[in-house]
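The values are calculated or read from the model by the stated rules, or taken from the named source; none is laboratory data. Worth saying up front: this structure is predicted, and the values here are computed from it rather than measured. When we count neighbours, we look across all protein chains shown, and the Cβ atoms used for this are built from the backbone with ideal geometry, even at glycine. For accessibility, only protein heavy atoms count, side chains too; no ligands or nucleic acids. Shrake-Rupley method; radii C 1.70, N 1.55, O 1.52, S 1.80 Å.
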Amino acid sequence: VNAVVGTLIAWVLVRDEFPGKSVVNAVIDLPFALPTIVAGLTLLALYGPEGPFGIDVAFSRAAILLALLFVTLPFVVRTVQPVLLELDREMEEAAASLGANALQVFRRVVFPKLFPAVLSGVALAFARAIGEFGSVVLISGNLPFETEVASVYIFGRIESGDPSGAAAVSVVLLVVSFAALLLIGGLRRRVTRHDRVG
């Protein structure tokens, strides 16, 4: 979700001018500056049982998704933005002058340059999400086999006096994170291989 939404937001911030652009830029950085427990409390206040919008997703998988999207969105946006700023607009104009429509220009000229940055942002977001604690500890409800999050489970094991159980789950998370980073790194190298050869 953040790969698509983060890339779209980065595109709008780089390519478009609109009123309130600086405010949107500041809001994107909010999860970096905000303690994640505050993010969890805010999400619970907005989308909990007594939220002002009448939307109650607390203690559900949707709540976990919402919390993780909030804390990881800036990783994709801020990774893609510099690449968009450095893109040569003349290549896009040349492709358009040769008869390519906007979708073809994006698919053949822009996206190949953006894809490694999107992958890097997704890797950073995934690494952050897999160990996220503060934003999900309150809004998830930690219902076993429904909304139980690994980081909260690890905390519960430690609180229950089971450090070996907490360590076992931590090792699994470490292996999953490392495997995901290796996979994304390998994919990124494969995609950018043509650029290095050319």
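Starting from the range 25-109, pick out the GluC sites (Glu not before Pro) whose DSSP state is loop and whose Cβ has at most 16 other Cβ atoms within 10 Å. Write down the numbers at each step before the final one.
Details: sites: Glu50, Glu86, Glu90, Glu92, Glu93; in loops: Glu50.
Of the GluC sites (Glu not before Pro), the ones in loops of the range 25-109 whose Cβ has at most 16 other Cβ atoms within 10 Å are Glu50.
Rounded to two decimal places and with Rh computed the Kirkwood way over Cα pairs, what is Rg over Rh for the range 90-155? Mind dumping the intermediate values first?
Working: Rg = 20.7 Å, Rh = 15.1 Å.
We get a ratio of 1.37 for the range 90-155.
Return the FRET efficiency for the residue pair Arg193, Glu50: r is the Cβ-Cβ distance, R0 is 30 Å, and the value is rounded to the nearest 0.05. Kindly include the intermediate steps, with their values, before the conclusion.
Details: r = 53 Å, r/R0 = 1.78.
Result of the calculation: an efficiency of 0.05.
Rounded to the nearest 500, what is the chain's calculated 222 nm mean residue ellipticity when only DSSP H runs of at least 4 contribute -39500 (n - 2.57) each, over all residues? Please report the intermediate quantities before stating the final value.
Numbers: 10 runs with 147 residues, N = 198.
So the calculated ellipticity at 222 nm is -24000 deg cm²/dmol.
Over 19 Å apart: what share of the alpha carbon pairs of the range 1-149 falls there, rounded to a whole percent?
Working: 6545 of 11026 pairs.
In whole percent, the long-distance tail amounts to 59.
So how far apart, in nm, are the two label points at Asp88 and Glu17 if each is 7 Å from Cα heading toward Cβ?
Placing both labels 7 Å along Cα→Cβ, they lie 2.6 nm apart.
Per 5 Å bin, what is the whole-percent P(r) computed from every C-alpha pair distance within the range 56-125?
Taking all Cα pairs of the range 56-125, the binned fractions are 3, 16, 18, 15, 13, 11, 9, 7, 4, 2, 0 percent.
Angle between the Cα long axis of helix 150-159 and the longest principal axis of the chain, 0 to 90 degrees, nearest 10?
30 degrees
How far is helix 36-47 tilted, in degrees, relative to the longest principal axis of the Cα atoms in the chain, given as a value from 0 to 90 rounded to the nearest 10?
Result, in degrees: 90.
How big is the range 30-93 on each of its three principal axes, counting only the C-alpha atoms and giving the largest first in Å?
Projected onto the principal axes, the Cα atoms of the range 30-93 cover 52, 24, 20 Å.
Just the number, please: carbon plus sulfur as a percent of the accessible area of the range 50-198, 1.4 Å probe, no ligands or DNA/RNA counted. Please list the in-between numbers first.
Values: 5840 of 8930 Å².
Answer for the range 50-198 is 65 percent, counting heavy atoms of protein chains only.
Exactly which GluC sites (Glu not before Pro) in the range 101-198 are in a DSSP loop and have at most 16 other Cβ atoms within 10 Å?
Values: sites: Glu132, Glu146, Glu148, Glu159; in loops: Glu132, Glu146, Glu148.
Passing sites in the range 101-198 are Glu146, Glu148.
Any chance you could give the angle, 0 to 90 degrees and rounded to 10, that helix 111-130 forms with the longest Cα principal axis of the chain?
That works out to roughly 10 degrees.
Which is the longest run of the chain containing none of the chymotrypsin sites (Phe, Trp or Tyr not before Pro) found in DSSP loop states (not H, G, I, E, B) with at most 12 other C-beta atoms within 10 Å? Provide the component values of the computation, followed by the final result.
Details: sites that count: Phe53, Phe145.
After excluding every exposed loop site, the longest remaining stretch is 54-144.
Tell me, what is the per residue accessible area of the range 56-196 in Å², probe radius 1.4 Å? Write out the running numbers ahead of the final one.
Values: 8150 Å² over 141 residues.
Per-residue accessible area for the range 56-196 comes out at 58 Å².
Suppose each label sits 7 Å from its Cα in the direction of the beta carbon; what would the Val5-Arg107 distance come out to in nanometres?
So the two model labels end up 2.6 nm from each other.
Suppose R0 equals 41 Å. What FRET efficiency, 1/(1 + (r/R0)^6) with r the Cβ-Cβ distance, do Phe32 and Ser164 give to the nearest 0.05? Walk me through the numbers before you get to the answer.
Details: r = 34 Å, r/R0 = 0.83.
With a Förster radius of 41 Å, E is 0.75.
How high is the relative contact order of the chain, given as a whole-number percent (alpha carbon pairs under 8 Å, six or more residues apart)? Intermediate values should be presented prior to the final figure.
Numbers: 216 pairs, mean separation 51.8, N = 198.
Computed over the chain, the figure is 26 percent.
Where the centre of each part is set by its Cα atoms, how far does the range 161-184 sit from the range 69-136, in angstrom?
Each part reduced to its Cα centre gives a spacing of 28 Å.
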